[in-house]
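Here's the structure, in structure tokens; my notes come after.
The values are calculated or read from the model by the stated rules, or taken from the named source; none is laboratory data. Owing to the predicted nature of the structure, the values given are computational and were not obtained by experimental measurement. As a convention, Cβ positions derive from the backbone with ideal geometry for all residues, glycine included, and neighbour counts pool all protein chains shown.
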């Protein structure tokens, strides 16, 4: 896959994300900037390092806004996670990060889900609240409803929230009900 630039707009508030995706034989690097009016208005830069199987190895999140400037680094350490270099035993066993401000984080669990309609996957995540720069354990479920469609069910931080997702052939979100939709840049 050649380097790709993707854009998503928020559908619940004014906001836009630009993500550069570079997929190579040694893994995947995704770097993005999100600008949003939510939470007093903020800018968040996030960079992901994934292995060749699209499993997150590290994530950095840097925020500017009314809460000031802050930075967070989440890094896989065996079956657990380090947050800013410190072990977080409460995150042991969490399979992937889930960053609140982007639909990109849904790609990793979606790519692990079987293709058969009705296939389901429940996982624990290291949920990163982008504006607050906090990390907590959370649980979520994905259910395949079609070849390019899924149902997302939050069982953790936002328990009760559900949304339909449409994805492309690579498992990247095209539309995330209530929150995001992919847009194409104007030539």
Candidate set: segment 22-43, residues that are buried (at least 19 other Cβ atoms within 10 Å of the Cβ) and under 13 Å from the mean Cα position of the chain (by Cα); chosen: the one farthest from residue 177 (Cα to Cα): 30
Residue identified as more than 14 Å from the chain's Cα centre (by Cα), loosely packed, with under 14 Cβ neighbours inside 10 Å and touching a residue at least 40 places away in the same chain (Cβ under 8 Å) among 12, 79: 12
Residue 39 being within 20 Å of residue 129 (Cβ to Cβ) and at pLDDT below 95: yes
Matching residues, segment 127-168, being in a strand (DSSP E or B) and either at pLDDT below 95 or farther than 25 Å from residue 115 by Cα (or both): 127, 128, 129, 134, 135, 136, 137
Residue in segment 53-70 that is buried (at least 19 other Cβ atoms within 10 Å of the Cβ), more than 16 Å from residue 128 (Cα to Cα), at pLDDT 95 or above and touching a helix residue (DSSP H, G or I) at 6+ places or on another chain (Cβ under 8 Å) present: yes
Flag for residue 49 being farther than 22 Å from residue 176 by Cα and touching a helix residue (DSSP H, G or I) at 6+ places or on another chain (Cβ under 6 Å): no
Selection count, segment 169-187, where residues are assigned to a loop (DSSP other than H, G, I, E, B) and surrounded by 15 or more Cβ atoms within 10 Å (Cβ to Cβ): 3
Enumeration of residues in segment 114-140 that are surrounded by fewer than 16 Cβ atoms within 10 Å (Cβ to Cβ) and farther than 26 Å from residue 63 by Cβ: 114, 115, 116, 117, 118, 119, 120, 122
Residue in segment 71-78 that is under 26 Å from residue 178 (Cβ atoms) and modelled with pLDDT of 95 or more present: yes
